[in-house]
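The structure under discussion appears below in the form of structure tokens.
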Amino acid sequence: MCGIIGYTGHRPAVPLLLEGLHRLEYRGYDSAGVAFVQQDKISIVKSAGKLSALEAKLADHPTLLATSGIGHTRWATHGLPVEKNAHPHLSEDGSIAIIHNGIIENFLEIKEELLAAGHTFLSDTDTEVLAHLIGHEIQNSTSILEAFSHALKKASGAYAVVMIAKEDPNTLYAARMSAPLLMGVGTGENFVASDIPAFLPYTREVIFLDDAEIAVVKTDSWKIYSLEGLAPVQKSISHIPWDMQAAAKDGYKHFMLKEIMEQPRVITDCLSGRVINDSHEMRVQLHELDGLPIPRRLHIVACGTSYNAGLWGRQLLENVGGIPTDLDIASEFRYRSPILLPDDAVMVISQSGETADTLAALRLAKEKGCPVIGLCNVVGSSIARESDVVLYTQAGPEISVASTKAMCSQMTLITLMALYFAQRRGRKNDPLLHALCLLPNQLSEILPSLKKTAERLAIAFSGARNFFYLGRGQCHALALEGALKLKELSYIHAEGYAFGEMKHGPIALIDHDFPTFALALNNELFSKVRSNIQEVLARQGRIIALVQAEDGVLPDLNVEEMWVLPPSHPATAGFLALPALQLFSYAMADYLGKDVDQPRNLAKSVTVE
Ligand code: M6R
């Protein structure tokens, strides 16, 4: 979604804003712009397309005198991704400029009132309406701050807004309502941004704004007020443990590849402090959950890859943890009046911790009195802060739009949870816990060869316009994830399906030009999967089968490509299959020349519903 950065300090603002916007590119965007005050006038430069187009335009503008400003990358919601709709937007009189992430739901009503008062609009956006409303309020208020809060109180919907004013050029006004916004606190300089990487080279001291708060940020001071009543709010500063190195490509061609290859470390970090080896007895320690009664039923709610991680984990939570588990897509859950009983718990899973639908589901569960467990990667994110109990996945910053290591860390944490609940019921599962601890080494060994095989197969299958990903049980979740990765990165149509459902309709699609990626791992469903594979072969379907050797012996499948993984515990085989799926999609997208880290139309964190 939209990327936001605001700066006030002692450095030339525009180069710093551009640098910050580059670090927010991973969020996904289709136009960009900056605003700064120079010679008593707000200058705005914006452009459709990538930041390079904005930079080319800025080359013709003198900007060095400006030491404050705001910058934005836009992911279109209202109005086409063209220059006139790019942010920042000015008020009617040009006295203020704003950038915005979110949607002002009542913008049409406000626009009508402003049109009647003689305003003219240059764009199709809800943001410009808000800018005009603030400008209008300034005329009837005693201060810019008061006008800012009056206008925001009239706007309904979600927003993270940052404003500069001609009259007060070194002050940033920022406000948040259901969209991420934070401040970076520096020395003689301060920042406002939608995400930490925007200012990470300059400061790791962060203040997370909450909903209905306004920040007034100056070069060497800041104050935070409640939107309602403008009462001062005390906030604490958090120190961010990761540095630019963690958010850099580290020699890899793409962030996605780096993040796939990091997975052994991700599992180690996720297990760290959570698997205890006491006098030769291993156990799981999840202190965060100790105060929570074992739920009668767990409702998992998430979107995209996080949903697939939940689907993969359901079987473990039920079979190992003994907890009946339901699963919902967050955008469905929030609107279907789910029945939550007194002893239930909701578990929301989110890498970013800012996904609007997942956050709304969390709030709905809390309204219904249900405790919420949050599985989150981003520390201090909205979901992390609003969950009753938060378990951090500790994967480190995930920059590529395609989620990879986050899923691996979510699967690790769900496996730990299943083992933890089993332990609380007095049922231990040492073989699974041992297998989990072996994974980092096992993965490190196989990743280089998985990458090679993925590259070869991607070339061999690069002509396909469609793909099936099929699996049963936990492999059904992996099939969904494999298909999601292929379509989001390569724009090849891919369907993830439960293998057993094929004969109820989808098998009609199979022919030589519609290949199948079959997940045929060693588990209790292997013989069923083998029969399903025969059904596809009988219809001339080409198959890549992901298999495991048993005592050195390969399964007898007469498929075009057998991609062999090492043996493992059946419940950890998914951790070996996941990077194979990820690397295949990565290699395909790279071979086809697609924008791997920023696929078209997508945003890293989806902060609008
Ligand atoms: O940040 P979240 O985990 O809540 O994000 C959920 C989805 O938007 C995300 O997993 C999305 O599907 C990814 N682009 C998939 O690679």
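The values are calculated or read from the model by the stated rules, or taken from the named source; none is laboratory data. Quick caveat: nothing in here was measured; it's all calculated off a predicted structure. Virtual Cβ from ideal backbone geometry, glycine too; neighbours counted across all protein chains shown. Each accessible area value is taken on the protein alone, full model and side chains, heavy atoms only, with ligands, DNA and RNA left out. Shrake-Rupley method; radii C 1.70, N 1.55, O 1.52, S 1.80 Å.
Count the DSSP beta bridges whose two residues both fall in the chain, then state the antiparallel fraction as a percent rounded to the nearest 5.
Values: 66 of 104 bridges.
Just about 65 percent of them are antiparallel.
What does the highest-first list of 258-264, 371-377, 503-509 look like by mean Cβ count within 10 Å? Each step should come with its number before you reach the end.
Working: 258-264: 23.0, 371-377: 24.9, 503-509: 12.0.
The peptides rank, most packed first, as 371-377, 258-264, 503-509.
Quick check on packing: order 567-579, 211-223 by the mean number of other C-beta atoms within 10 Å, highest mean leading. Before the final figure, lay out each step's value.
Details: 567-579: 22.1, 211-223: 17.5.
So the order, starting with the most tightly packed, is 567-579, 211-223.
When Lys and Arg each count +1 and Asp and Glu each count -1, what net charge do the other residues less than 10 Å away from D344, Cβ to Cβ, add up to? Could the numbers behind the result be given before it?
Working: positive: R296, R297, K368; negative: D326, D343.
Every neighbour counted, the sum reads +1.
Report, in debye and to the nearest 20, how large the dipole of segment 328-381 comes out about its Cα centre when Lys and Arg carry +1 and Asp and Glu carry -1 on their Cβ.
Numbers: 5 positive and 7 negative charges, 25 e Å.
About 120 debye.
Compute the acute angle (0 to 90°) between the alpha-carbon long axis of helix 474-490 and the principal axis of greatest extent of the alpha-carbon atoms of the chain; round to the nearest 10°.
Its long axis makes an angle of about 50 degrees.
For helix 144-154, report the angle its Cα long axis makes with the longest principal axis of the Cα atoms of the chain; keep it between 0 and 90° and round to the nearest 10°.
50
Quick one: helix 430-460 against the long Cα principal axis of the chain, what's the angle to the nearest 10°, folded into 0 to 90?
Approximately 80 degrees, to the nearest 10.
Determine the relative contact order of the chain: mean sequence separation of Cα pairs under 8 Å and six or more apart, normalised by residue count, in whole percent.
On the way: 1366 pairs, mean separation 73.7, N = 609.
Averaging sequence separation for qualifying contacts and normalising by length gives 12 percent for the chain.
Grab the Cα-Cα distance for E281 and E19, subtract it from 0.36 nm times how many residues apart they are, and report the gain in nm with one decimal.
Details: separation 262, 0.36 × 262 = 94.32 nm, distance 5.03 nm.
Contour length minus Cα-Cα distance gives 89.3 nm.
Could you compute the FRET efficiency for E535 and R336, with r as their C-beta to C-beta distance and R0 at 35 Å, rounded to 0.05? Kindly include the intermediate steps, with their values, before the conclusion.
Values: r = 34 Å, r/R0 = 0.98.
Calculated value: 0.55.
L565's amide H: which non-local residues (gap 5+, or another chain) put their own amide H closer than 5 Å, with H modeled 1.01 Å from N in plane and none for Pro or chain starts?
V547, Q548, A549
Could you sort S236, S585 by accessible area so the largest value comes first, with the probe set to 1.4 Å?
Details: S236 90, S585 0 Å².
In descending accessible area the options line up as S236, S585.
Looking at segment 258-591, send over the antiparallel percent of its DSSP beta bridges, to the nearest 5. Don't skip to the answer; put the middle values down first.
Values: 5 of 43 bridges.
Taking every DSSP beta bridge with both residues in segment 258-591, the antiparallel ones total about 10 percent.
How much net charge surrounds I138 when only the other residues with a Cβ under 14 Å from the Cβ of I138 are counted, with Lys and Arg +1 and Asp and Glu -1?
On the way: positive: K154, K166; negative: E92, D93, E137, E146, E167, D168.
Surrounding charge for I138 is -4.
Working out 0.36 nm times the residue gap between L115 and E146, then minus their Cα-Cα distance, what length gain in nm do you get to one decimal? Display every interim value, and only then the final one.
Numbers: separation 31, 0.36 × 31 = 11.16 nm, distance 2.28 nm.
Extending this stretch completely gives an extra 8.9 nm.
Cβ neighbours within 10 Å, averaged per peptide: list 248-256, 1-9 in order, most packed at the top. Please report the intermediate quantities before stating the final value.
Values: 248-256: 16.2, 1-9: 28.3.
Listed from highest to lowest mean packing, they are 1-9, 248-256.
Put a dot 7 Å past each Cα toward the Cβ at S462 and L122; how far apart are the dots in nm?
4.5
Got a sec? Charge dipole of the chain, +1 on Cβ for Lys and Arg, -1 for Asp and Glu; which of A422, M562, A86 is way out at the positive end?
Going by the Cα projections, it comes out as M562.
Determine the principal axes of the Cα atoms in the chain, then give the extent along each, sorted from largest to smallest and rounded to whole angstroms.
Here the spans come out as 78, 53, 43 Å, largest first.
Would you tally the net charge around Y591, using a Cβ to Cβ cut-off of less than 11 Å, leaving Y591 out, and scoring K and R as +1, D and E as -1?
On the way: positive: R456, K594; negative: E455, D590.
Result for the neighbourhood of Y591: 0.
Using the heavy atoms of the protein chains and a 1.4 angstrom probe, tell me the accessible area per residue for segment 3-248 in square angstrom. It would help to have the intermediate numbers written out before the result.
On the way: 9220 Å² over 246 residues.
Accessible surface, normalised per residue, equals 37 Å².
Take the Cβ-Cβ distance between K50 and E105 as r, set R0 to 35 Å, and report the resulting FRET efficiency rounded to the nearest 0.05.
Values: r = 30 Å, r/R0 = 0.84.
In this case the efficiency is close to 0.75.
Under the rule of -39500 (n - 2.57) per DSSP H run of 4 or more residues, summed and divided by the residues of the chain, what mean residue ellipticity at 222 nm is obtained, to the nearest 500 deg cm²/dmol? List each step's numbers first, then the result.
On the way: 17 runs with 210 residues, N = 609.
Computed ellipticity for the chain at 222 nm equals -11000 deg cm²/dmol.
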